[in-house]
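Everything on this sheet refers to the single structure shown next.
Derivation of every value follows stated rules applied to the coordinates shown; laboratory data play no part. Fair warning: this is a prediction, and the values are worked out from it, not measured in the lab. Cβ sites come from the backbone with ideal geometry, for glycine too, and all protein chains shown count toward neighbours.
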Amino acid sequence: MRVVVTRPQHSGERTVRRLAQMGHEALLLPLAEPVHHVAEAGRALLNTRGAIAVTSAEAIRTLASLGADLAPHLGRRLFAVGKVTAKEAADLGFSNIAMSEGGGAELATLISGHPASLGGNPLLYLAGSPRAPGFEAGLTELQLPFVTVECYRMHGITPENAVLRRLFTDARADAVLLYSHQTAQRFFGLPFVRENPEAFAETRFLCLSEAIAEAVPARMHSQTDIADMPNEDRLLSFLIQA
């Protein structure tokens with residue numbers, strides 16, 4: 001199958017490799033790029049004690065830029081969403097990692113089961129912007145104290161029409177992978193996508209969650225599949241079924 005991946009360059013390249021190993025023709029279309037706020041992350045670590053939470057591997061990549069200044073914090077309890085984020089944290093040197101397989105709400109539930117990990121201190125959430133509200137809402141509902149520090153921001157990218165024609169009209173795309181609500185909004189908001197609906201008449205839109213699928217235009221709902229859990233393994237399983 002011909003599959004378009006709408007992830008940022010770093011994570012998208014990893015997904016492209018996975019798809020190629022599955023026998024698909026994978027094409028990368030980044031619609032956002034991260035800007036890391038390394039100084040803010042460093043100050044947040046210095047000004048807090050106890051556990052850290054991350055819901056994206058991009059936060060771990062921000063921490064990697066701290067170099068030797070990160071060393072005193074590698075023993076802190078780290079709560080992470082997903083095995084990819086957990087692995088990047090382990091590769092960076094974190095030694096006390098707990099992982100949630102679901103999304104932000106599931107991570108909040110996991111943390112509530114380990115209150116001793118907080119050590120009486122607010123949880124430090126190293127977040128990105130924009131982000132889904134589920135994790136912070138879950139912490140609030142569970143009455144878990146936390147402080148949020150934005151350590152990276154995703155800036156939108158508008159691809160040239162020549163790139164979009166190559167991906168969608170020179171040859172049909174069988175599937176488009178959508179990993180965030182903001183990315184889905186950017187994709188369907190592109191003038192090329194709005195003005196060339198016939199190019200997507202047979203394309204499947206594979207969404208990591210229901211919140212992401214909400215950004216798919218109503219006329220394309222019948223072409224949309226939603227992963228039953230918000231992780232890439234479940235998302236890519238649609239391509240195996242096909």
Check: What is the pair-distance distribution P(r) of the chain, computed from all Cα-Cα distances in 5 Å bins starting at 0, with each bin given as a whole percent?
Finding: 1, 6, 13, 18, 18, 15, 11, 8, 6, 3, 1, 0
Check: Sequence-distant or interchain residues sharing an amide H contact under 5 Å with residue 97, placed H: which?
Finding: 78
Checklist line | Hydrodynamic radius of the range 10-61 per Kirkwood, over alpha carbon pairs, in Å | finding: 13.8
Margin query: Suppose R0 equals 22 Å. What FRET efficiency, 1/(1 + (r/R0)^6) with r the Cβ-Cβ distance, do residue 68 and residue 96 give to the nearest 0.05?
Written below: 0.65
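Treat the count of other C-beta atoms within 10 Å as a stand-in for reagent exposure and order 151, 207 from fewest to most. Each step should come with its number before you reach the end.
Numbers: 151 30, 207 25.
Sorted ascending by nearby Cβ count, the order is 207, 151.
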Check: Say the dipole of the chain comes from +1 at the beta carbon of Lys and Arg and -1 at that of Asp and Glu; which of 115, 52, 99 then lies farthest toward its positive end?
Finding: 52
Note to self: Once you keep just the Cα pairs under 8 angstrom separated by 6 or more residues, what percentage relative contact order results for the chain?
What the structure shows: 20
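Listing 3, 193 from the residue with the fewest other Cβ atoms within 10 Å to the one with the most, what is the order?
Values: 3 24, 193 18.
Exposure proxy ranking, most exposed first: 193, 3.
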Check: Quick one: length gained pulling residue 49 to residue 169 fully straight, 0.36 nm per residue minus the C-alpha distance?
Finding: 37.9 nm
Notebook entry, point to check: Against the longest alpha carbon principal axis of the chain, how many degrees, from 0 to 90 and to the nearest 10, is the axis of helix 232-241 turned?
Noted result: 30
Item checked: Under 5 Å, built H, 5+ apart or other chain: amide partners of residue 24 -> none
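How would you classify the range 35-153 from its alpha-carbon gyration tensor, with a ≥ b ≥ c the square roots of the eigenvalues: rounded for a/c under 1.5, else prolate if a/b is greater than b/c, otherwise oblate?
Numbers: a/c = 1.38, a/b = 1.29, b/c = 1.07.
Rounded shape, in that the Cα axes give a/c under 1.5.
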Check: With charges only on Cβ, +1 for K and R and -1 for D and E, what is the dipole size of the chain about its Cα centre, in debye, rounded to 20?
Finding: 360
Note to self: Can you find, among 71, 134, 145, the residue sitting farthest towards the positive end of the charge dipole of the range 35-153, where Lys and Arg contribute +1 and Asp and Glu -1 at Cβ?
What the structure shows: 71
